[in-house]
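First up is the structure itself, then whatever we jot down about it.
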């Protein structure tokens, strides 16, 4: 069982794929890290030695923001946008798409479940009348 940057890497997977499981490392940066450390991409995680693991950790820490530090920086950037009141900050605080996507017909994953607005059922209307 290999642990890298707080992530347990699957034993039977190739190292180039296993590195992409770390938040902040994609396929391109995975290949670059492996080129720097001169580790073959097709090597399985279970075949990685301790020396190679130390090389990987050094290469990742030297060139990439990953895991907690990356999440922290991303959250600070969003907080800064909210504080200065920019358009993107307002969209973040309202829970809406920030990059210009339409919201009239889509954006369900960002906006949540549909809620009917405007039309009331007869029962709801009767309850409102009783309160008056």
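The values are calculated or read from the model by the stated rules, or taken from the named source; none is laboratory data. On a predicted model such as this, the values are computed, not experimentally measured, just so you know. No Cβ is skipped: glycine too gets one built from the backbone with ideal geometry, and neighbour counts run over all protein chains shown.
Considering only residues that are surrounded by 10 or more Cβ atoms within 10 Å (Cβ to Cβ) and either at pLDDT 80 or above or under 37 Å from the mean Cα position of the chain (by Cα) (or both), which ones fall in the range 100-125?
101, 103, 106, 107, 108, 110, 111
Filter the range 12-42 down to the residues that are loosely packed, with under 12 Cβ neighbours inside 10 Å and assigned to a helix (DSSP H, G or I) and list them by number.
27, 28, 35
Among (1) surrounded by 10 or more Cβ atoms within 10 Å (Cβ to Cβ); (2) assigned to a helix (DSSP H, G or I); (3) modelled with pLDDT of 85 or more, which single condition is residue 83 missing?
So the condition that residue 83 fails would be (1).
Which of the residues spanning the range 56-69 are over 23 Å from residue 35 (Cα atoms) and either buried (at least 16 other Cβ atoms within 10 Å of the Cβ) or under 12 Å from the mean Cα position of the chain (by Cα) (or both)? Spell out how you get there, then give the answer.
Keep residues of the range 56-69 that are over 23 Å from residue 35 (Cα atoms), which gives 68-69.
The one that is over 23 Å from residue 35 (Cα atoms) and either buried (at least 16 other Cβ atoms within 10 Å of the Cβ) or under 12 Å from the mean Cα position of the chain (by Cα) (or both): 68.
Being closer than 17 Å to residue 52 by Cβ and assigned to a loop (DSSP other than H, G, I, E, B) is the filter here; which residues of the range 1-11 pass it?
1, 5, 10, 11
Report, ordered by the first and then the second residue, all pairs with beta carbons closer than 8 Å, sequence separation of six or more or different chains, a first member in the range 83-95 that is under 15 Å from residue 107 (Cα atoms), and a second member that is surrounded by 13 or more Cβ atoms within 10 Å (Cβ to Cβ).
Filtered contacts from the range 83-95: 91/97; 91/98; 92/78; 92/81; 92/82; 92/98; 95/110; 95/111.
Any residue in the range 74-97 that is closer than 30 Å to residue 13 by Cα and either touching a helix residue (DSSP H, G or I) at 6+ places or on another chain (Cβ under 6 Å) or not assigned by TED's automatic domain parsing to the domain that holds residue 10 (or both)? Before the answer, list the steps.
To start, the set of residues in the range 74-97 that are closer than 30 Å to residue 13 by Cα comprises 74.
From what's left, either touching a helix residue (DSSP H, G or I) at 6+ places or on another chain (Cβ under 6 Å) or not assigned by TED's automatic domain parsing to the domain that holds residue 10 (or both): 74.
Scanning the range 74-97, I find at least one residue that is closer than 30 Å to residue 13 by Cα and either touching a helix residue (DSSP H, G or I) at 6+ places or on another chain (Cβ under 6 Å) or not assigned by TED's automatic domain parsing to the domain that holds residue 10 (or both), so the answer is yes.
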